[in-house]
Amino acid sequence: MSVTKILAGLCLAAAILPVTASEKFKVCADPLNPPYSTKDEQGFENKIAELFAKELGQKVEYTWFAQRIGFIRNTLTADVNEWNAGKDEFKCDVVMGVPAGYDLTTTTAPYYKSTYVLLIAKGRGWDDIKDPAQLPELPLQRQESLKIAMFDRGPGAAWLQQNGLLDQGISYQSMSGDSENNVAMQIDKDFKAKKIDMVILWGPMAAYVMSQSSKNSYVMIPMQSTPKVKFDFAMAMGVRKGDKEKKQLLDKLIVSQADKIKSIIESYNIPLLPITK
């Protein structure tokens, strides 16, 4: 083969590769993390990724990895081939849900804000509870019968400790890495097994638990932030640090598709709060 033909072939390959890459909306996600993401793409983050890809004329491509310590290192910042480091051949380009200002990524503008809630199973002797503030005021005998779940680290545990109820708390790991259940799935099972009667839980997860039972099985009471304990948080999308182009693109989509994003999230009955700066 002549040198001319070889050079022509190389030029053609160079021209094709960027186009191929640009046809993919590359997302890092947990394959078993309802209501956020699932392998069959039924989570609300899957739906938003699909919306964005459609707007860009692209197809969603997933790198699946369990949501646990090391998630960003194994997905967003991981090179496709560890021996080709520095060639910018990354596994994926965006994590669809991280806290606004998350320190392991550059974050977009927030696209929703939710809050922790007190989720109570009905018909178990707690139907009179209309406000979390009632719990620390209960007679000691009732307090001692509480079976209230919370994350091992988080505002729920802090609130229980401040109100003298930590001994009644049942602790769950926020990122277990369990290949069969995420935390919301496990809490749903434990509610049904009557291992717990109530939980202080992040809004999207609480919405998932409610969706797995009949409509009137639970009451959801939003937790109110105080100077001591913050319960409401804005959520954004995460990109690699320094990827200003991807951040700007996503920021524009978050603005232009705001109504559709809100509609998707509301369809999962997730409690939403106004996004404030």
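Each value in this text was obtained by applying a stated rule to the coordinates, not by laboratory testing. Only a predicted model underlies this, so the values are computations on that prediction, with no experimental measurement involved. Every residue, glycine as well, gets a Cβ built from its backbone with ideal geometry; the counts of neighbours run over all protein chains shown.
Figures for the structure shown
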| quantity | calculated |
| --- | --- |
| Using θ = phi - 60° and Karplus 6.51 cos²θ - 1.76 cosθ + 1.60, couplings along the range 152-162 (whole Hz; Gly, Pro as x) | 4, 10, x, x, x, 5, 5, 5, 4, 5, 5 |
| Rounded to 5, the percent of DSSP beta bridges in the chain classed as antiparallel | 60 |
| Karplus (6.51, -1.76, 1.60) ³J(HN,Hα), θ = phi - 60°, over the range 111-128, in Hz, Gly and Pro reported as x | 10, 7, 9, 10, 9, 5, 10, 9, 9, 10, 6, 6, x, 10, x, 10, 5, 7 |
| Percent RCO, i.e. relative contact order, over the chain, from Cα pairs under 8 Å lying at least 6 residues apart | 26 |
| Pairwise label distance in nanometres, E23 with N269, each label 7 Å out on the Cα-Cβ vector | 4.1 |
| Residues with amide H under 5 Å from that of K241, placed H, sequence gap 5 or more | T106 |
| Normalised convex hull volume, the chain, alpha-carbon set, Å³ per residue | 151 |
| Residue with peak Gaussian network fluctuation, the chain [Cα springs, cutoff 10 Å], from V27, V255, V183 | V255 |
| For the range 113-232, projected area of the alpha-carbon convex hull averaged over all directions, nm² | 7.3 |
| Share, in percent, of DSSP beta bridges within the range 113-232 that are antiparallel, nearest 5 | 65 |
| Eligible lysines near K122 by straight Cα distance, threshold 24 Å, same-chain separation 8 or greater | K130, K147, K189, K192, K194, K195, K215 |
| V219, V95 arranged by Cβ crowding within 10 Å, fewest neighbours leading | V219, V95 |
| Gaussian network model of the chain, Cα within-10 Å springs - most flexible of T107, T226, T77 | T226 |
| 5 angstrom amide H check on A234, placed H, neighbours 5+ away | A100 |
| Rounded to whole Hz, the Karplus (6.51, -1.76, 1.60) HN-Hα couplings of the range 242-249, x for glycine and proline | x, 7, 5, 4, 5, 4, 4, 4 |
| Value of [θ]222 nm, deg cm²/dmol, for the chain, DSSP H segments ≥ 4, -39500 (n - 2.57) each, nearest 500 | -9500 deg cm²/dmol |
| Under 5 Å, built H, 5+ apart or other chain: amide partners of Q257 | none |
